[in-house]
Amino acid sequence: LAARLKEALGAAVSDVKVSTRLVSSAVCLVAPGSGPDLMLDRMLSRRDKGFGVKPVLEINPEHALVARLAEAGTTITGDAFADLAHLLLDQARILDGQTPADPARFAATLNRLAVRGVG
């Protein structure tokens with residue numbers, strides 16, 4: 001699952017890894033092992049001096065959503081999988097105190113998934 005998420009997210013993240021720290025959240029963002037802290041990079045970016053650090057997305061295999069995605073295997077493909085991947089990344093950004101990279105896309109994706117779930 002981590003490899004598929006990384007492929008779907010492309011350059012938005014440096015990697016996707018299974019987390020050993022998450023308990024109740026599906027995802028979180030962490031700094032790459034050799035890079036600067038994400039918060040420091042965001043502060044420097046406000047002054048156009050950021051490093052452009054791409055975060056690592058950590059996924060919680062015990063969380064219901066992540067477990068369901070893993071169980072589904074390759075039956076969720078294309079746009080549907082990309083929607084879920086980007087929704088997880090934006091959820092991690094929100095939990096990190098950020099806004100989604102593209103709020104309009106986030107809202108549209110959330111609406112598409114809600115419509116699929118309702119009907």
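The values are calculated or read from the model by the stated rules, or taken from the named source; none is laboratory data. What you are looking at is a predicted structure, and each value in this text was computed from that prediction instead of being measured. Here the Cβ positions follow ideal geometry from the backbone for every residue, glycine too, while neighbour counts run over all protein chains shown.
One table, with the values for the structure above:
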| quantity | calculated |
| --- | --- |
| Condition check for LEU89: at pLDDT 95 or above, surrounded by 17 or more Cβ atoms within 10 Å (Cβ to Cβ) and in a helix (DSSP H, G or I) | yes |
| Residue identified as of a type in the set (Lys, Arg) and over 13 Å from the mean Cα position of the chain (by Cα) among ARG93, ARG68 | ARG68 |
| Residue ID - modelled with the lowest pLDDT, chosen from residues in segment 92-109 that are among the charged types (D, E, K, R) and closer than 17 Å to LEU22 by Cα | ASP96 |
| Residues of segment 30-63 satisfying the condition of being surrounded by fewer than 18 Cβ atoms within 10 Å (Cβ to Cβ), of a type outside the set (D, E, K, R) and at pLDDT 95 or above | PRO61 |
| Test result for ARG112, modelled with pLDDT under 95, out of contact with any strand residue (DSSP E or B) (no Cβ under 7 Å at 6 or more places or on another chain) and exposed (fewer than 14 other Cβ atoms within 10 Å of the Cβ) | no |
| Segment 98-119 - residue that is touching a residue at least 24 places away in the same chain (Cβ under 8 Å) and in a loop (DSSP other than H, G, I, E, B) and, of those, nearest to ALA12 (Cα to Cα) | ALA101 |
